[in-house]
Amino acid sequence: MAIGRRRRFVYGVVAWMLGATVCLTLLESLELELFFVLSLIGLLVVVELTAPFNVTPRWRRRLVPVIVVGLAGFGYIVVRRILEILPEGVL
């Protein structure tokens, strides 16, 4: 039963990433940053939609560092984009 849930989780994340790739390609805006952000959003959505109610399996606890690294990467992208928008001399 646990293998089935884990497999369903992996299928959900992979499907989201493939869908994001197809959508970005169709919109002709396939960039690494956009793909990363959409994949992180997909990971967080799938984690929440597949979360068990009463017991957290060990494999789900190992997702926490992946999520933390993803959020740190997202923060880096946001700060870099803000610094690109600000005029020179503000900082």
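A few comments on the model shown:
- Take the chain with all the other protein chains still there, run a 1.4 Å probe, and you get 78 Å² of accessible area per residue.
- Whole-number Å³ per residue for the convex hull built on Cα positions in the range 52-91: 81 Å³
- Element breakdown for the chain at a 1.4 angstrom probe: carbon and sulfur atoms account for 71% of the accessible area.
- Rounded to 10°, Cα long-axis angle of helix 32-49 versus longest principal axis of the chain: 30 degrees
- Computed E for Val10/Tyr76 - FRET, C-beta separation, R0 25 angstrom, nearest 0.05: 0.45
- The chain: chymotrypsin sites (Phe, Trp or Tyr not before Pro) in DSSP loop, at most 12 other beta carbons within 10 Å: Phe53
- Trp59/Leu27 FRET efficiency (R0 41 Å; Cβ-Cβ; nearest 0.05): 0.75
- Angle in degrees between helix 2-26 and the longest Cα principal axis of the chain, rounded to the nearest 10: 30 degrees
- Coil-residue GluC sites (Glu not before Pro) of the range 25-59, DSSP, other Cβ within 10 Å capped at 16: Glu28, Glu31
- Within the full protein context, the accessible area of Ile3 is estimated at about 90 Å² for a probe radius of 1.4 Å.
The values are calculated or read from the model by the stated rules, or taken from the named source; none is laboratory data. Please read these numbers as outputs of a predicted model, since none were measured by experiment. In this analysis, Cβ positions are derived from the backbone assuming ideal geometry, glycine residues included, and neighbour counts consider all displayed protein chains. Remember, those area values only see protein heavy atoms, side chains included, never the ligands or the DNA or RNA. Shrake-Rupley method; radii C 1.70, N 1.55, O 1.52, S 1.80 Å.
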